[in-house]
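Visitor: Starting off with a structure, shown below.
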Amino acid sequence: MDENGLGALVGMGVLILVSLISASLFIYAIGRTNNQLTTARDGKADRISERIQTDIIIENAVWDSATKNLILTVKNTGSTVLSISKVDLLENGVLVSRENINDIYVEGVAAITDVWLPEEELVIRADNILLFPIERVKAVTQYGVSDYTENVVAV
Amino acid sequence: MASDSLSRMVLLIASLLIAAVLGGVVLQYSQRVSNSIKGRGHDLSEQIMSDITIVSDPQNMFENENINGLVENYLVIYVKNTGSTTLDNEKRLVNVFLDGEMLRFDNLESMEVIDYTYWRPAAVVRILTDYTDNVVGENRDHSVKVVTLKSEDKLKFRV
C-alpha cells in the first residue's frame with residue numbers, strides 16, 4: 001500500500017471513530033433526556049392520580065372565645081394517605097403559620113407521626129391569629145385539595 | 001525519486017490533518033448538540049414536575065396591612081407548591097396578573113415563603129400587592145393569575 005492509500009485509510013478511520021463518538025454522545029444525551037422525562041411524567045401522573053383520590057371534609061369548627069383558639073376537626077374522606085405537616089389552614093382568608101398551630105390529634109391521639117390515613121379524623125388547635133371571631137375557615141391538603149366551612153361555633 | 005516520496009509524505013500528512021480537523025469540528029458540534037438536548041430535557045422535566053395552586057380563600061382576598069404608613073386592605077395571594085420540585089421564590093421570577101393585566105414589579109410589595117426558607121413542595125408563599133380593595137373595585141368579578149417560570153394557576157374571586 002502506498003502513502004496515499006495509507007493516508008486515505010487512516011483519515012477514513014479517524015472519521016469513522018469521530019462518527020462513532022458523536023453517535024454515542026447523541027444516544028447518551030437522548031437516553032438521559034428520555035429517562036428524565038419519563039420520571040417526571042410518572043411523577044406528574046402519580047400527583048394527578050393522588051389529587052383525584054384526595055378529599056377532605058371539615059366536620060367541625062369551634063372557636064374558643066376564652067383561649068382565642070380555633071379547634072378544627074377535619075376528616076380524610078379520600079382514599080390516599082395525606083401528610084399532616086403539609087395541611088394548611090386559612091382563618092378568614094389569612095394563612096395560619098405552623099408556629100400558631102398548638103396541638104394536632106389523629107383519631108383522638110396526639111399525632112407523633114406525619115401520616116393521616118383515609119377515614120381518620122384530624123383535630124387541629126390553632127391560635128386565632130386575627131383576634132376577632134372567625135367566620136370562615138379553609139383547610140388545604142398537600143395536593144391543593146381543600147374544604148371550607150362557615151359554620152364556626154363560638155363557645 | 002526523493003522529491004516524489006517527499007510529496008507523497010506531505011500529501012499523507014495533509015490528509016491526516018484534514019481528517020483530524022474535520023473530526024474535531026464534528027466532535028465539538030456533537031458535544032454542543034448533545035449538551036443542548038440534555039439541557040432541554042432537564043428544563044422540560046423540571047416543568048413537568050412543577051405545579052402551583054392558588055390556595056387563597058376567594059371570599060377573603062384582602063388583608064389589613066401597613067404599606068408605607070398607609071393601613072388598608074391589600075390584595076394578598078397565597079400560592080402553594082403542589083409539584084414535586086423546589087421553585088424560585090424571587091419576586092422578579094413571578095408574574096401576577098389581575099383581571100388579565102400584569103402587575104408591575106413595583107406593585108408586588110413582598111413575596112415570602114411561610115414557615116420555610118425555600119419554596120419547597122407543599123410550602124406556601126404569600127404575595128402582598130399594593131392593590132387595595134378600593135383600587136380593585138367592589139361588586140365585580142375578578143381573576144388573579146400567578147405565573148412562575150414553570151407553572152401557573154388562576155383564581156376567580158368577587159369583591
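The values are calculated or read from the model by the stated rules, or taken from the named source; none is laboratory data. Nothing here was measured: the structure is a model prediction, and the numbers come from that model. Virtual Cβ from ideal backbone geometry, glycine too; neighbours counted across all protein chains shown.
Visitor: Quick check on B:Ile54: is it under 21 Å from A:Val145 (Cβ atoms) and either touching a residue at least 60 places away in the same chain (Cβ under 8 Å) or surrounded by fewer than 21 Cβ atoms within 10 Å (Cβ to Cβ) (or both)?
Guide: Taking the combined requirement at face value, the residue satisfies it.
Visitor: While we're here: Against the definition (touching a residue at least 40 places away in the same chain (Cβ under 8 Å) and either charged (D, E, K, R) or not in a helix (DSSP H, G or I) (or both)), how does A:Thr73 come out, yes or no?
Guide: Working: touching a residue at least 40 places away in the same chain (Cβ under 8 Å): yes; either charged (D, E, K, R) or not in a helix (DSSP H, G or I) (or both): yes.
Considered against the rule, which asks whether it is touching a residue at least 40 places away in the same chain (Cβ under 8 Å) and either charged (D, E, K, R) or not in a helix (DSSP H, G or I) (or both), A:Thr73 comes out as yes.
Visitor: Of everything in region A:44-76, what is over 19 Å from A:Trp116 (Cα atoms) and charged (D, E, K, R)? Give them in sequence order.
Guide: Residues satisfying the conditions are A:Lys44, A:Asp64, A:Lys68.
Visitor: OK, next. For region A:125-154, give me each residue that is touching a helix residue (DSSP H, G or I) at 6+ places or on another chain (Cβ under 8 Å) and among the hydroxyl-bearing types (Ser, Thr, Tyr). Spell out the reasoning first.
Guide: The first filter runs over region A:125-154 and keeps only residues touching a helix residue (DSSP H, G or I) at 6+ places or on another chain (Cβ under 8 Å), leaving A:126-127, A:129, A:141-145.
Of everything in region A:125-154, those that are touching a helix residue (DSSP H, G or I) at 6+ places or on another chain (Cβ under 8 Å) and among the hydroxyl-bearing types (Ser, Thr, Tyr) turn out to be A:Thr141, A:Tyr143.
Visitor: Does region A:22-33 contain at least one residue that is more than 8 Å from every other protein chain (Cβ to nearest Cβ) and within 36 Å of the chain's Cα centre (by Cα)?
Guide: From region A:22-33, those more than 8 Å from every other protein chain (Cβ to nearest Cβ) are A:23-24, A:27, A:31; that's our starting set.
Pick out the ones that are also within 36 Å of the chain's Cα centre (by Cα) and you get A:27, A:31.
Looking for residues that are more than 8 Å from every other protein chain (Cβ to nearest Cβ) and within 36 Å of the chain's Cα centre (by Cα), one finds at least one in region A:22-33, hence yes.
Visitor: Pick from B:Ser3, B:Ser36: which is loosely packed, with under 15 Cβ neighbours inside 10 Å, over 30 Å from B:Thr132 (Cβ atoms) and more than 9 Å from every other protein chain (Cβ to nearest Cβ)? Give the derivation first.
Guide: Details: B:Ser36 fails: more than 9 Å from every other protein chain (Cβ to nearest Cβ).
So the residue among B:Ser3, B:Ser36 that is loosely packed, with under 15 Cβ neighbours inside 10 Å, over 30 Å from B:Thr132 (Cβ atoms) and more than 9 Å from every other protein chain (Cβ to nearest Cβ) is B:Ser3.
Visitor: Any residue at all in region B:73-90 that's within 14 Å of chain A (Cβ to nearest Cβ) and at pLDDT below 90?
Guide: Yes, some residue in region B:73-90 is within 14 Å of chain A (Cβ to nearest Cβ) and at pLDDT below 90.
Visitor: What pairs come up if the first residue lies in region A:35-46 and is within 15 Å of B:Arg40 (Cβ to Cβ) and facing chain B (nearest Cβ under 7 Å), the second is of a type in the set (Gly, Ala, Ser) and part of a helix (DSSP H, G or I), and their beta carbons are under 7 Å apart, counting only those six or more places apart or on different chains?
Guide: So the pair list comes out as A:Gln36/B:Gly41; A:Gln36/B:Ser45; A:Leu37/B:Gly41; A:Leu37/B:Ser45; A:Ala40/B:Ser45.
Here's the yes/no breakdown for (1) modelled with pLDDT of 90 or more; (2) closer than 18 Å to B:Asn68 by Cα; (3) surrounded by fewer than 18 Cβ atoms within 10 Å (Cβ to Cβ):
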site: B:Ser110; (1), (2), (3): yes, yes, yes
site: B:Ala123; (1), (2), (3): yes, no, no
site: B:Val136; (1), (2), (3): no, no, no
site: B:Asn139; (1), (2), (3): no, no, yes
site: B:Val146; (1), (2), (3): yes, no, no
site: B:Glu152; (1), (2), (3): yes, no, yes
site: B:Leu155; (1), (2), (3): yes, no, no
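Visitor: Could you tell me which of the residues B:Glu63, B:Glu112 is in contact with a Phe, Trp or Tyr (Cβ under 9 Å, 6 or more places away or on another chain), part of a strand (DSSP E or B) and of a type in the set (D, E, K, R)? Walk me through how you get there before you give the answer.
Guide: Working: B:Glu112 fails: in contact with a Phe, Trp or Tyr (Cβ under 9 Å, 6 or more places away or on another chain).
Within the list B:Glu63, B:Glu112, the selection yields B:Glu63.
Visitor: Then there's this: Among residues belonging to region B:41-56 that are facing chain A (nearest Cβ under 7 Å) and assigned to a helix (DSSP H, G or I), point out the one that is nearest to A:Met12 (Cα to Cα).
Guide: Only one residue tops the list, namely B:Gly41.
Visitor: Given the structure, is B:Asn89 within 14 Å of the chain's Cα centre (by Cα), in contact (Cβ under 8 Å) with a residue 12 or more places away in the chain, within 25 Å of A:Thr141 (Cα to Cα) and surrounded by 21 or more Cβ atoms within 10 Å (Cβ to Cβ)?
Guide: On the way: within 14 Å of the chain's Cα centre (by Cα): yes; in contact (Cβ under 8 Å) with a residue 12 or more places away in the chain: yes; within 25 Å of A:Thr141 (Cα to Cα): yes; surrounded by 21 or more Cβ atoms within 10 Å (Cβ to Cβ): yes.
Criteria met by B:Asn89.
Visitor: While we're looking at this one, here's another question. Testing A:Leu90 on (1) under 20 Å from B:Pro121 (Cβ atoms); (2) more than 11 Å from chain B (Cβ to nearest Cβ); (3) of a type in the set (A, V, I, L, M, F, W, C); (4) in contact with a strand residue (DSSP E or B) (Cβ under 7 Å, 6 or more places away or on another chain), one condition comes back false. Which one is that?
Guide: Tallying (1) under 20 Å from B:Pro121 (Cβ atoms); (2) more than 11 Å from chain B (Cβ to nearest Cβ); (3) of a type in the set (A, V, I, L, M, F, W, C); (4) in contact with a strand residue (DSSP E or B) (Cβ under 7 Å, 6 or more places away or on another chain), A:Leu90 fails exactly one: (2).
Visitor: Specify which of the listed residues (B:Leu128, B:Leu98, B:Leu103) is surrounded by 14 or more Cβ atoms within 10 Å (Cβ to Cβ) and touching a residue at least 60 places away in the same chain (Cβ under 8 Å). Walk me through how you get there before you give the answer.
Guide: On the way: B:Leu98 fails: touching a residue at least 60 places away in the same chain (Cβ under 8 Å); B:Leu103 fails: touching a residue at least 60 places away in the same chain (Cβ under 8 Å).
After applying the criteria, what remains is B:Leu128.
Visitor: Same structure again: Residues of region A:85-111 being crowded, with 20+ Cβ neighbours inside 10 Å, of a type in the set (Val, Ile, Thr) and closer than 15 Å to A:Ile57 by Cα, which ones?
Guide: Of everything in region A:85-111, just one residue is crowded, with 20+ Cβ neighbours inside 10 Å, of a type in the set (Val, Ile, Thr) and closer than 15 Å to A:Ile57 by Cα, namely A:Val87.
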